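Enquirer: Structure below; questions to follow.
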Amino acid sequence: MLAIVTACGTTEETNEAGFASGDGSVTFVPPAERAELPELTGVDLTEQPMSSRDFDAGVLVINIWGSWCPPCRKETPTLVSLSREFEDQGVQFLGIAVRESPAASQAFVQKNDVPYPSFSDEAGKLLLAFTESLPAAAVPTTYVIDRDGKVAARILSEVDETTLRQLIEQELGRR
């Protein structure tokens, strides 16, 4: 399983909108040093049970986001586009909507035609799962999980299309 998860970086700068911005860094973990993606369990935006184990793709991209977060809103078209571009290549995307109600998150997903599911994580508890690998300290943050189910990379801020594409392609080509 390969996964990418998105969240904000460790250098936090909180603005008047209440989000902590990342420092824009990209952390790539060499294959021999990667930690397992912990199982993420909870409910989706329609309050149905969901688990990261439901995603058996070669690559999984996980994006930590909130509709209240300006960088999250700005990166959404890029994530939607890449999710569609890579879906036939065994890459799946998964969101983790933090610090808002499932209804607010669902409205954002519908308005922006987001094709992949998201966890509803109002309290931010799912973010703690990454403590042992690459902690999520800001919103947005994006993780890339490799085919072995290990955390391969983290982007601490709004994703850049070229960078995320390169990380995905690198993991698709690794073996």
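The values are calculated or read from the model by the stated rules, or taken from the named source; none is laboratory data. It should be emphasised that the depicted structure is a prediction, and the values quoted were computed from it without experimental measurement. We place every Cβ from the backbone using ideal geometry, glycine too, and count neighbours over all the protein chains shown. Ligands, DNA and RNA are excluded from the accessible area calculation, which covers all protein heavy atoms including side chains. Shrake-Rupley method; radii C 1.70, N 1.55, O 1.52, S 1.80 Å.
Enquirer: Can you tell me which of Ala103, Ala136 is under 30 Å from Ala32 (Cα atoms) and open to solvent by 10 Å² or more (accessible area, probe 1.4 Å)? Lay out the reasoning, then the answer.
Expert: Numbers: Ala103 fails: under 30 Å from Ala32 (Cα atoms).
On inspection, the qualifying residue turns out to be Ala136.
Enquirer: Identify all residues within region 144-167 that are β-branched (Val, Ile, Thr), surrounded by 23 or more Cβ atoms within 10 Å (Cβ to Cβ) and not in a strand (DSSP E or B); write none if there are none.
Expert: The initial filter retains those residues of region 144-167 that are β-branched (Val, Ile, Thr), namely 144-145, 151, 155, 159, 162-163.
From the residues that got through so far, the ones that are surrounded by 23 or more Cβ atoms within 10 Å (Cβ to Cβ) too are 144-145, 151, 155, 159.
Selection gives Val159 alone.
Enquirer: All but one of (1) modelled with pLDDT of 95 or more; (2) part of a strand (DSSP E or B) hold for Ser105; state the number of the condition that does not hold.
Expert: It fails just one condition, (2).
Enquirer: Still on this structure, I have one more. If you check Pro70, Pro38, Pro31, which single one turns out to be surrounded by fewer than 20 Cβ atoms within 10 Å (Cβ to Cβ) and in contact with a helix residue (DSSP H, G or I) (Cβ under 8 Å, 6 or more places away or on another chain)?
Expert: Numbers: Pro70 fails: in contact with a helix residue (DSSP H, G or I) (Cβ under 8 Å, 6 or more places away or on another chain); Pro31 fails: in contact with a helix residue (DSSP H, G or I) (Cβ under 8 Å, 6 or more places away or on another chain).
Sole residue among the options that is surrounded by fewer than 20 Cβ atoms within 10 Å (Cβ to Cβ) and in contact with a helix residue (DSSP H, G or I) (Cβ under 8 Å, 6 or more places away or on another chain): Pro38.
Enquirer: Given the conditions (1) modelled with pLDDT of 75 or more; (2) over 24 Å from Lys150 (Cβ atoms), report the number of the one that Ala17 does not fulfil.
Expert: (1)
Enquirer: Could you tell me which numbered condition Thr76 fails, if it satisfies all but one of (1) buried (at least 23 other Cβ atoms within 10 Å of the Cβ); (2) touching a residue at least 60 places away in the same chain (Cβ under 8 Å)?
Expert: (2)
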